[in-house]
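The values are calculated or read from the model by the stated rules, or taken from the named source; none is laboratory data. Here the structure is a predicted model, which is why all the values come from computation and not from measurement. Because the Cβ atoms are built from the backbone with ideal geometry, glycine has one as well, and the counts that use them run over all protein chains shown.
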Amino acid sequence: MDFVVQTKDLCKVFSGKNVVNRVNINIRRGDIYGFIGENGAGKTTFMRMLSGLAEPTGGTIRLFESDDLEEQRKRIGCTIENPAIYPAMTARQNLEVYRILMGISDKGIVPELLDLVGLGNAGKKKTKDFSLGMKQRLMIAVAMIGNLDFLILDEPMNGLDPMGIKEVRDLLLKLNKEKKLTIIISSHILDELSRMATCYGVIHKGNLIDEFSSKELERRCHRNLKIVVDDVYKAEHLLTTTVSANFDVTADGAIVLYDHLDEAANIGKMLVSNGLAVSALVPGEQDLEGYFMDLMRGKK
Amino acid sequence: MTNIIRSELYKLKNSKPFYICLFVCAAIAVFLALAIQMGVVARGTEDVAAIADSISAVSLLEQTLGLTFLPTLFGVFVSLFVSGEFYNGTMKNYVSKGVNRVQIYLSKIVVCGMAVLTMYVVNFAFSCITGTILWGFDPYGVATFSNLAAMLLGEGLLLLAYSSIFVFVSMWLRSIVASIAVNICAVSLFPTLLMAVNYVIGDNVTLSNYWISGNITALASLAPESGAVLQGIIVGLCYLLGGTIIGSILFKKQDIK
């Protein structure tokens, strides 16, 4: 079994507006899928449909390569929007509710999970008195109760201080590594996301506009030299035959060169000497945030 | 289904509003009995003999059960217990764990019904105990086992019907404040509205006979009018089943925020 999530033409319409529009996403087992988009892009709605909180208007969802979503959702944990916990109960009591719900007879799972998320010492403190970081970690523990294979996390870093962010990140990486947990995570803290995700999907106005792996991102964001010439085909030929360069051509016809970066002047001279008009020769390097911003501006 | 009900019961066991409502049910029974006793004493020695001849624990029961206080309290409790799931967002956890929505709804009906009956029994028990201490349980032999059982079971069924309506409203509105308001209106305002409509349409049909509160009042008697018990049972079952069926269908189609 390779795929944990497969959606086909998934749609959600609210008041005549396509909030999620024909989204096709495939998430493989063991992936940490970073889901990126502006506010209102459709990330939360997509996640709500995955977790059964909202009915799709159209399209299909398959979970663990099965159409029996109700049964497969028993293997899913999710935290969508704010931490959903009983404020008048302790962390242990909160977990007890779900332990009983899932029919788990082993009471030892509750302290085990509390230890795993670093709340083993929370004691009799009511969750209404928890910090946001503690609430988020408790929510992750709640999500993990049961036979968990897939975790849906919507903005789990929201409102956390740097220490809290690190704690949640370390926990998720540990779960992914040790328990082979597949995770889909949305966050506006793109730098943080880039430290965890193994693949990414970018959603814009309900449409999935790009999907790439972390290796692909690394390649796309790698230090590069952007060259704009009047004849792209000739330039491609020259770069391949004369310097065996590693490059891409973007949709708007620019050449992005990934090697020979220290020889920018010579490359420019070579192109010009072969009759090409070079209108731009710009060095660049990006992180996920820069890449996303460019994508949103339609530059990529 | 058993696991969901057990999980709901665990929440009920740890619910502070539940214990507060239990306390209020007990306190109101004692308070009512003491108020009647103080009223009797205040009337002077001549009247005391006449009035004292008619009061007992069973007559106190009749008075307590006829009040709208208990259903109002239950409406507030159910709103807190059920709408609280939406307020805290915890309903999302249930649904996203693949629990069947109809089962979630039914478990709310069952557990709220159990909570309401527990409060009812506490109120009944404290009325009996206080009334018996003050005046004796039934010194004038008014009650028989069958008419007492008919009154208590009939009232119990009607309170379950109310509970079903309260759960329906709370699951539908998903807001604590709104569902408390609507549930209180269902107990207090709606019967008045029915009475007003009855003035307009005439006496051919008595609308209050078809609403729960009218039947609660009719059944809060050891000597109910003929047909009142059967009518109360039919009305109670209709609202109990109707609220459950319609509510579970609506909840199945509802997006959860």
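Which is within 14 Å of another protein chain (Cβ to nearest Cβ), surrounded by 16 or more Cβ atoms within 10 Å (Cβ to Cβ) and under 15 Å from the mean Cα position of the chain (by Cα), of B:Val116, B:Val111?
Every option except B:Val111 fails the conditions.
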Legend entry - Matching option when the condition is buried (at least 23 other Cβ atoms within 10 Å of the Cβ), more than 18 Å from the chain's Cα centre (by Cα) and in the same structural domain as A:Gly206 (by the TED database), among A:Lys74, A:Lys17, A:Lys8, A:Lys12: A:Lys12
Legend entry - Matching option when the condition is in contact with a Gly (Cβ under 6 Å, 6 or more places away or on another chain) and surrounded by 15 or more Cβ atoms within 10 Å (Cβ to Cβ), among A:Ile203, A:Ile209: A:Ile203
Inset, instruction - Spot the failing condition for A:Ile203; the list is (1) under 11 Å from the mean Cα position of the chain (by Cα); (2) closer than 21 Å to A:Gly42 by Cα; (3) modelled with pLDDT under 85, and only one is missed. - result: (3)
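Return the only residue of A:Met157, A:Met139, A:Met163 being at pLDDT below 85, part of a helix (DSSP H, G or I) and either away from every other protein chain (no Cβ under 13 Å) or in contact with a helix residue (DSSP H, G or I) (Cβ under 9 Å, 6 or more places away or on another chain) (or both).
On the way: A:Met157 fails: part of a helix (DSSP H, G or I); A:Met139 fails: at pLDDT below 85.
Being at pLDDT below 85, part of a helix (DSSP H, G or I) and either away from every other protein chain (no Cβ under 13 Å) or in contact with a helix residue (DSSP H, G or I) (Cβ under 9 Å, 6 or more places away or on another chain) (or both) holds for just one of A:Met157, A:Met139, A:Met163, which is A:Met163.
Which residue out of A:Ile185, A:Ile104, A:Ile85, A:Ile152 is part of a loop (DSSP other than H, G, I, E, B), surrounded by 23 or more Cβ atoms within 10 Å (Cβ to Cβ) and at negative phi? It would help to see each step written out before you state the result.
Working: A:Ile185 fails: part of a loop (DSSP other than H, G, I, E, B); A:Ile104 fails: surrounded by 23 or more Cβ atoms within 10 Å (Cβ to Cβ); A:Ile152 fails: part of a loop (DSSP other than H, G, I, E, B).
That would be A:Ile85, the only listed residue that is part of a loop (DSSP other than H, G, I, E, B), surrounded by 23 or more Cβ atoms within 10 Å (Cβ to Cβ) and at negative phi.
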Inset, instruction - Could you tell me whether any residue of the range B:85-98 is away from chain A (no Cβ under 14 Å) and of a type outside the set (Ser, Thr, Tyr)? - result: no
Legend entry - Residue in the range A:255-273 that is surrounded by fewer than 16 Cβ atoms within 10 Å (Cβ to Cβ) and either assigned by the TED database to the domain that holds A:Val13 or in contact (Cβ under 8 Å) with a residue 40 or more places away in the chain (or both) present: no
Inset, instruction - Could you list, in sequence order, all residues of the range A:28-60 that are under 23 Å from A:Ile145 (Cα atoms) and within 13 Å of chain B (Cβ to nearest Cβ)? - result: A:Thr44, A:Met47, A:Arg48, A:Met49, A:Leu50, A:Ser51, A:Gly52, A:Leu53, A:Ala54
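Those residues that are of a type in the set (Ser, Thr, Tyr) and either touching a Leu at 6+ places or on another chain (Cβ under 9 Å) or closer than 10 Å to B:Val82 by Cβ (or both), I need them from the range B:163-186; list them, please. Spell out the reasoning first.
Within the range B:163-186, the subset of a type in the set (Ser, Thr, Tyr) is B:163-164, B:170, B:175, B:179.
If the condition is that a residue be of a type in the set (Ser, Thr, Tyr) and either touching a Leu at 6+ places or on another chain (Cβ under 9 Å) or closer than 10 Å to B:Val82 by Cβ (or both), then B:Ser163, B:Ser164, B:Ser170, B:Ser179 are the ones that fit.
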Inset, instruction - Starting from the range A:188-213, keep only residues that are of a type in the set (Ser, Thr, Tyr), then list their pairs with residues that are in a loop (DSSP other than H, G, I, E, B) whose Cβ atoms are within a distance under 6 Å, requiring at least 6 positions of separation or different chains. - result: A:Thr198/A:Asp31
Inset, instruction - Looking only at the range B:13-38, count how many residues are among the aliphatic types (A, V, I, L, M), surrounded by fewer than 17 Cβ atoms within 10 Å (Cβ to Cβ) and either facing chain A (nearest Cβ under 10 Å) or closer than 19 Å to B:Val82 by Cβ (or both). - result: 1
Inset, instruction - Tell me, yes or no, whether the range A:221-232 has at least one residue that is over 30 Å from A:Gly159 (Cβ atoms), assigned to a helix (DSSP H, G or I) and modelled with pLDDT of 85 or more. - result: yes
Legend entry - Residue tally, condition in contact (Cβ under 8 Å) with a residue 12 or more places away in the chain, at the interface with another protein chain (Cβ under 8 Å from one of its Cβ atoms) and in contact with a Leu (Cβ under 6 Å, 6 or more places away or on another chain), over the range A:70-84: 1
